[in-house]
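First up is the structure itself, then whatever we jot down about it.
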Amino acid sequence: MARVYNFSAGPSTLPESVLQKAGAEIMDYKGSGQSVMEMSHRSKVFDDIIKEAEALMRELYQIPDNYKVLFLQGGASAQFSAIPLNFMNGSGKADYIITGQWAKKAYQEAQKYGDVKAVASSADKTFSYIPKTKAEDFREDADYVYICMNNTIYGTVYKELPPVGDKVLIADVSSCALSEPLDISKFGVVYFGAQKNVAPAGLVVAIIREDLLGNARDITPVMMNYKVQADADSLYNTPPCWTIYICKLVLDWIKEEFGSLEAMKAHNEKKAKILYDFLDSSKMFKGTVVPEDRSLMNVPFVTDSDELNAKFIKEATEAGFVNLKGHRSVGGMRASIYNAMPIEGVEKLVEFMKKFEEENA
Ligand SMILES: *Cc1c(COP(=O)(O)O)cnc(C)c1O
C-alpha cells in the first residue's frame, strides 16, 4: 500500500493510526455488531461516542464550564449566516476584520442582516499580513467583532488577538483548530469546520459562551439556531455520526501522542520551522507572508516564474507529494502541514525542493 504525503488544505491528511483504528472497527464497533455508520444516533453506544468527543475537546482546549460545545453541520460557511442571525441582536452592528477570502465571505453574508463594518483589511497586499487594529477602531456598540484566526489560503495567523476590550469576539479557527492552545475565555464564540485538522468533512464544532444563547432572530432557520442545538445536546436532528466518531479518534490521538495542546504546538512549530528555514535560505523558493504573521498550518510559497511553479508541482506530485498547488488567488504553491502531517513528510518535501532547486538553477 502506497500512501502519499498529502499537503491538501482541506479535506486533509488524517493520522494513520486513526484510519487504522476506524478500519479495524468498521464492521463491529466495540462488540455492538454494527458500524458507527449504521447505528442510531439515539443509541447508548453512539451517545458514549459524542459525550467522549465533547469531554476530550473540553479537556484539550480547557473549555470553561460556561461554554457549550456543539457538533453541527453545514460547514464553516453555514456559520457565516448563523453568526449574525444568532448574535447580531443588540445594536444590529458588527465589526469584521478582513484577512482573506473566508473573512470576506463571512462579512458579505453578515451584511444581509445588519450594519456591518470592515474595520481593517489586508487586501492591499494580497492578504500577506494581519492588519494592526487599535481599541478605538471598533464601534463601542458593536454586538460582536469577527476574525478569521488562521487564513488557510494566504498562510497568515493572529499571534495576538485584536484589542476588542470587553466586546464579544467571534473567531473562525477552522484551519488552526487544536493545533495549539487557545484561551477560550477571551472569545464569545470559537468555531471550526472539522475537515482541516480534526476529522473528515461534514462537521462543524462551535464553542459558545452560554449567556450569548437565546437571542436568535425570529427568522433564524431552526437548524441554525444555536440555542435549539444546545438544548438538544447537538441531537436536534441526526448529527454526522461517523465524522463525530473520527473526531473522537483524532482527539484520542492528540491526547495519547502529545498529551496536551502545548505539546501539539511545540511539535507544529518544530515542523513548520523546517520548511520556513528552507524558504528563507533558498534562492528559488520564497514564502509569501511577512515573517511575523506566518501560519504554522498553511505555508504558501512561490518561485519567480509560473512555468517553474507548474514544473515543480508536476514533479512533486510524481514523487508522492500531492496537493501542493496554491490557491488560484495567490498562485504558486501551498503546503498545508496540519497536526496529522508527520515531521518526516516536511523533511522529505524540503529534500525534494533542494534537489529541484539544484537541478533547475
Ligand atoms: C475551509 C474554510 C472555510 C470553509 O469551510 P466549509 O466547511 O467548506 O464551509 C471557512 N473558514 C476557513 C478558515 C476555512 O479554512
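Values computed for the structure shown
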| item | result |
| --- | --- |
| One residue from Ala272, Ala216 being part of a loop (DSSP other than H, G, I, E, B) and more than 16 Å from the ligand (Cβ to nearest atom) | Ala216 |
| In region 73-129, the residues that are of a type in the set (Asp, Glu) and more than 16 Å from the ligand (Cβ to nearest atom) | Asp95, Asp115, Asp124 |
| Close pairs from region 52-65: first open to solvent by less than 10 Å² (accessible area, probe 1.4 Å), partner in a helix (DSSP H, G or I) and not hydrophobic (A, V, I, L, M, F, W, C), Cβ under 8 Å, at least 6 apart | Ala53/Tyr245; Ala53/Lys248 |
| Residues of region 307-348 satisfying the condition of being touching a residue at least 24 places away in the same chain (Cβ under 8 Å) and basic (Lys, Arg) | Lys311, Arg334, Lys348 |
| Yes/no for Lys68 being of a type in the set (Lys, Arg), more than 16 Å from the ligand (Cβ to nearest atom), under 23 Å from Ile246 (Cα atoms) and over 20 Å from the mean Cα position of the chain (by Cα) | no |
| Members of region 177-198 that are in contact (Cβ under 8 Å) with a residue 60 or more places away in the chain, within 13 Å of the ligand (Cβ to nearest atom), part of a loop (DSSP other than H, G, I, E, B) and within 23 Å of Ala266 (Cβ to Cβ) | Ser179, Lys196, Asn197 |
| Complete set of residues in region 88-123 that are open to solvent by less than 50 Å² (accessible area, probe 1.4 Å), under 21 Å from the mean Cα position of the chain (by Cα) and farther than 22 Å from Lys159 by Cα | Glu109, Ala110 |
| Which listed residue, of Ser128, Ser174, Ser122, is over 30 Å from Glu59 (Cβ atoms), touching a residue at least 60 places away in the same chain (Cβ under 8 Å) and small (Gly, Ala, Ser) | Ser128 |
| Breaking point among (1) open to solvent by 40 Å² or more (accessible area, probe 1.4 Å); (2) β-branched (Val, Ile, Thr); (3) outside any loop (DSSP other than H, G, I, E, B), for Ile208 | (1) |
| Filtered residue count, region 19-47, keeping only those that are open to solvent by 90 Å² or more (accessible area, probe 1.4 Å) and of a type in the set (A, V, I, L, M, F, W, C) | 2 |
| The listed residue being within 30 Å of Ile219 (Cβ to Cβ) and modelled with pLDDT of 95 or more, out of Tyr113, Tyr154, Tyr158 | Tyr113 |
| Enumeration of residues in region 143-157 that are open to solvent by 10 Å² or more (accessible area, probe 1.4 Å) and more than 16 Å from the ligand (Cβ to nearest atom) | Asp143 |
| Residue, most open to solvent (accessible area, probe 1.4 Å), within region 275-308, restricted to residues that are assigned to a helix (DSSP H, G or I), farther than 20 Å from Val173 by Cα and of a type in the set (Asp, Glu) | Glu307 |
| Verdict on Ala2 being touching a Cys at 6+ places or on another chain (Cβ under 6 Å), away from the ligand (no atom under 16 Å from the Cβ), in contact (Cβ under 8 Å) with a residue 12 or more places away in the chain and under 30 Å from Val299 (Cβ atoms) | no |
| Region 309-361, residues that are in contact with a Gly (Cβ under 9 Å, 6 or more places away or on another chain), open to solvent by 60 Å² or more (accessible area, probe 1.4 Å) and farther than 21 Å from Asp280 by Cβ | Lys325 |
| Close pairs from region 349-361: first over 18 Å from Ser305 (Cα atoms), partner part of a helix (DSSP H, G or I) and open to solvent by less than 40 Å² (accessible area, probe 1.4 Å), Cβ under 7 Å, at least 6 apart | Val350/Leu275; Val350/Phe278; Phe352/Ala316 |
| Close pairs (9 angstrom Cβ cut-off, 6 or more residues apart or separate chains): more than 15 Å from Tyr338 (Cβ to Cβ) and among the hydroxyl-bearing types (Ser, Thr, Tyr) in region 244-256, in a helix (DSSP H, G or I) and modelled with pLDDT of 95 or more anywhere | Tyr245/Ala22; Tyr245/Tyr29; Tyr245/Phe46; Tyr245/Ile49; Tyr245/Ile50; Tyr245/Ala53 |
| Counted residues, region 1-49 - those being within 18 Å of Pro342 (Cβ to Cβ) and of a type in the set (S, T, N, Q) | 6 |
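To keep it simple, each residue is scored yes or no on (1) touching a helix residue (DSSP H, G or I) at 6+ places or on another chain (Cβ under 9 Å); (2) not hydrophobic (A, V, I, L, M, F, W, C).
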| site | (1), (2) |
| --- | --- |
| Ala103 | no, no |
| Glu109 | yes, yes |
| Ala118 | yes, no |
| Ser128 | yes, yes |
| Cys148 | yes, no |
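The values are calculated or read from the model by the stated rules, or taken from the named source; none is laboratory data. Model, not experiment: these values are computed from the prediction. Positions of Cβ are backbone-derived with ideal geometry, glycine not excepted, and every protein chain shown enters the neighbour counts. Remember, those area values only see protein heavy atoms, side chains included, never the ligands or the DNA or RNA. Shrake-Rupley method; radii C 1.70, N 1.55, O 1.52, S 1.80 Å.
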